[in-house]
Amino acid sequence: MSEQTPPKMPYWHVYTDAEGVSRQELFHLERFKFEGINPETAPQWNDKMDPAPSVVTFTVLPVGWVGEWHENPRPQWIAILSGRWFVETMDGHRVEMGPGELMMGEDQNTKARDGKKGHLSGTVGDEPCTMIVTGLQVEPTVNQPGRFK
């Protein structure tokens with residue numbers, strides 16, 4: 001990656017399709033600009049999201065933690081800091097994530113099917129999973145996978 005070649009940052013998007021089924025796919029943030037955060041700082045690659053009120057929560061999931069089927073409370077970015085966890089969507093797709101990986105949880109408005117609604121998640125391995133969760137105070141979308149570029 002050079003000053004002329006913008007980076008791409010992968011993220012998993014957990015979303016609700018048009019039939020109310022949660023799914024997840026791998027996409028990339030791609031709208032990086034080489035600029036300083038402000039005029040006094042050296043340039044760096046930034047991909048600025050649209051402004052929105054948000055709530056930041058630091059979370060530690062204990063070893064063996066399982067979050068039974070549930071929807072994300074609001075659209076939220078989840079960045080894994082240490083440990084590992086999994087997310088399984090209603091379509092049966094299970095993804096394990098570890099440090100440095102990013103996910104957008106946006107599976108609101110799913111429809112219960114076969115005892116499943118939203119997603120199932122839990123820790124993997126023998127250490128807690130720490131994460132930073134940034135919940136956005138925005139309306140969730142439906143059937144817009146990969147809407148963040």
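The values are calculated or read from the model by the stated rules, or taken from the named source; none is laboratory data. These figures come from a predicted structure and were not determined experimentally. Glycine also receives a Cβ, built like all others from the backbone with ideal geometry; neighbour counts cover every protein chain displayed. Each accessible area value is taken on the protein alone, full model and side chains, heavy atoms only, with ligands, DNA and RNA left out. Shrake-Rupley method; radii C 1.70, N 1.55, O 1.52, S 1.80 Å.
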Matching label, Cα extents along the principal axes in Å computed from the structure shown, candidates (i) 40, 35, 30; (ii) 53, 37, 27; (iii) 60, 30, 24: (ii)
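Taking K and R as +1 and D and E as -1, what net charge do the other residues with C-beta under 10 Å from the C-beta of ARG74 add up to? Present the calculation step by step, with values, prior to reporting the outcome.
Working: positive: none; negative: GLU71, GLU106, GLU139.
Net charge in that neighbourhood comes out at -3.
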To the nearest 20 Debye, how big is the dipole of the chain about its Cα centre, given +1 on the beta carbon of each Lys and Arg and -1 on that of each Asp and Glu? 180
Using the Karplus curve 6.51 cos²θ - 1.76 cosθ + 1.60 with θ = phi - 60°, work out ³J(HN,Hα) for each residue of the range 43-60 in order, rounded to whole Hz, and write x for Gly and Pro. x, 8, 7, 10, 10, 7, 7, 4, x, 7, x, 8, 10, 9, 10, 8, 10, 10
Roll a 1.4 angstrom probe over the protein heavy atoms and tell me the percent of accessible area of the chain that is carbon or sulfur. 53
Setting aside same-chain residues fewer than 8 positions from LYS117, which aspartates and glutamates have a Cα under 14 Å from its Cα? ASP17, GLU19, GLU68, GLU71, GLU88, ASP91, GLU106, ASP107
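Which value, in debye to the nearest 20, gives the size of the charge dipole of the range 1-60 about its Cα centre, when Lys and Arg are +1 and Asp and Glu are -1 at the Cβ?
Numbers: 5 positive and 9 negative charges, 15 e Å.
Its charge dipole is roughly 80 debye.
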What accessible area per residue comes out for the chain, rounded to a whole number of Å², with a 1.4 Å probe? 55
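Could you list, in their original order, any pairs among LYS33/LYS111; LYS116/LYS149; LYS8/LYS111 whose Cα atoms are separated by more than 31 Å? Walk me through the numbers before you get to the answer.
Details: LYS33/LYS111 39 Å; LYS116/LYS149 29 Å; LYS8/LYS111 33 Å.
Result: LYS33/LYS111; LYS8/LYS111 exceed 31 Å.
Quick one: net charge around TRP12, please, counting Lys, Arg +1 and Asp, Glu -1 for every other residue with C-beta under 10 Å from its C-beta. Could you put the intermediate results ahead of the total?
Working: positive: none; negative: GLU25, GLU101.
Cβ neighbours under 10 Å give a net charge of -2.
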Which residue, LYS33, LYS48, LYS117, has the most motion in a Gaussian network model of the chain that connects Cα atoms within less than 10 Å? LYS48
Lys and Arg at +1, Asp and Glu at -1: neighbours of THR141 with Cβ under 9 Å from its Cβ sum to -1
The answer for HIS119, listing residues at least 5 apart or on another chain whose modeled amide H is closer than 5 Å to its amide H, is HIS70, GLU71
